[in-house]
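Structure record follows, encoded as C-alpha coordinates.
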Amino acid sequence: MERELVGRQMQVKSVEDRYGVDTLHLTVARAYVRTLLGNDRIVRWIAQHRPEYLKELQTIGEIETIAPAAEAAE
(Lines give C-alpha, C1' and ligand atoms only; values in the text may rest on other atoms or scores of the structure.)
Protein backbone atom coordinates (compact mmCIF):
# COMPACT_ATOMS: atom_id res chain seq x y z
CA MET A 1 0.00 0.00 0.00
CA GLU A 2 2.93 2.33 0.72
CA ARG A 3 4.34 1.75 -2.76
CA GLU A 4 0.99 2.60 -4.29
CA LEU A 5 0.81 5.82 -2.25
CA VAL A 6 4.31 6.82 -3.36
CA GLY A 7 3.34 6.10 -6.95
CA ARG A 8 0.22 8.26 -6.67
CA GLN A 9 2.21 11.07 -5.07
CA MET A 10 4.65 10.98 -7.97
CA GLN A 11 1.76 11.15 -10.44
CA VAL A 12 0.27 14.15 -8.63
CA LYS A 13 3.65 15.90 -8.62
CA SER A 14 4.01 15.27 -12.35
CA VAL A 15 0.59 16.79 -13.03
CA GLU A 16 1.41 19.80 -10.85
CA ASP A 17 4.69 20.31 -12.70
CA ARG A 18 3.00 20.26 -16.11
CA TYR A 19 -0.03 22.38 -15.18
CA GLY A 20 1.62 25.76 -15.77
CA VAL A 21 3.12 24.75 -19.12
CA ASP A 22 -0.15 23.19 -20.29
CA THR A 23 -2.10 26.28 -19.27
CA LEU A 24 0.31 28.49 -21.21
CA HIS A 25 -0.04 26.32 -24.32
CA LEU A 26 -3.83 26.40 -24.10
CA THR A 27 -3.82 30.18 -23.64
CA VAL A 28 -1.64 30.67 -26.71
CA ALA A 29 -3.79 28.28 -28.75
CA ARG A 30 -6.97 30.12 -27.70
CA ALA A 31 -5.42 33.46 -28.72
CA TYR A 32 -4.46 32.02 -32.10
CA VAL A 33 -7.98 30.69 -32.68
CA ARG A 34 -9.38 34.12 -31.80
CA THR A 35 -7.00 35.71 -34.31
CA LEU A 36 -8.13 33.29 -37.02
CA LEU A 37 -11.78 33.97 -36.25
CA GLY A 38 -11.10 37.69 -36.55
CA ASN A 39 -10.27 37.21 -40.24
CA ASP A 40 -13.47 37.22 -42.34
CA ARG A 41 -11.85 35.36 -45.25
CA ILE A 42 -10.75 32.52 -42.99
CA VAL A 43 -14.14 32.28 -41.30
CA ARG A 44 -15.87 32.21 -44.69
CA TRP A 45 -13.55 29.43 -45.93
CA ILE A 46 -14.08 27.33 -42.82
CA ALA A 47 -17.85 27.87 -43.01
CA GLN A 48 -17.88 26.66 -46.62
CA HIS A 49 -15.45 23.75 -46.30
CA ARG A 50 -15.54 22.62 -42.67
CA PRO A 51 -18.66 24.04 -40.98
CA GLU A 52 -18.43 21.49 -38.17
CA TYR A 53 -15.01 22.90 -37.25
CA LEU A 54 -16.26 26.48 -37.21
CA LYS A 55 -18.68 25.83 -34.36
CA GLU A 56 -15.95 24.19 -32.28
CA LEU A 57 -13.45 26.95 -33.01
CA GLN A 58 -16.01 29.57 -32.03
CA THR A 59 -16.60 27.72 -28.75
CA ILE A 60 -12.86 27.72 -28.07
CA GLY A 61 -12.62 31.41 -28.95
CA GLU A 62 -15.37 32.26 -26.47
CA ILE A 63 -13.59 30.66 -23.50
CA GLU A 64 -12.81 33.37 -20.97
CA THR A 65 -10.51 31.54 -18.55
CA ILE A 66 -8.47 28.40 -18.71
CA ALA A 67 -8.76 26.86 -15.28
CA PRO A 68 -10.15 23.67 -13.78
CA ALA A 69 -13.92 23.76 -13.22
CA ALA A 70 -13.50 23.93 -9.45
CA GLU A 71 -11.29 27.04 -9.70
CA ALA A 72 -13.48 28.69 -12.33
CA ALA A 73 -16.54 28.36 -10.06
CA GLU A 74 -14.84 30.22 -7.20
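At a 1.4 Å probe, what is the % contribution of carbon and sulfur to the accessible area of the chain?
It is 59 percent, rounded to a whole number.
Kirkwood hydrodynamic radius, computed over distinct alpha-carbon pairs, for the chain: how many Å, to one decimal?
Result for the chain, one decimal place: 15.0 Å.
Quick one: helix 51-61 against the long Cα principal axis of the chain, what's the angle to the nearest 10°, folded into 0 to 90?
Around 60 degrees separate the two axes.
Show me the ranking of peptides 8-21, 43-56 by mean Cβ neighbours inside 10 Å, starting with the highest.
43-56, 8-21
The values are calculated or read from the model by the stated rules, or taken from the named source; none is laboratory data. In this text, all values refer to a predicted model and were calculated from it rather than measured experimentally. Cβ: placed from backbone, ideal geometry, glycine included. Neighbour counts: every protein chain shown. For accessibility, only protein heavy atoms count, side chains too; no ligands or nucleic acids. Shrake-Rupley method; radii C 1.70, N 1.55, O 1.52, S 1.80 Å.
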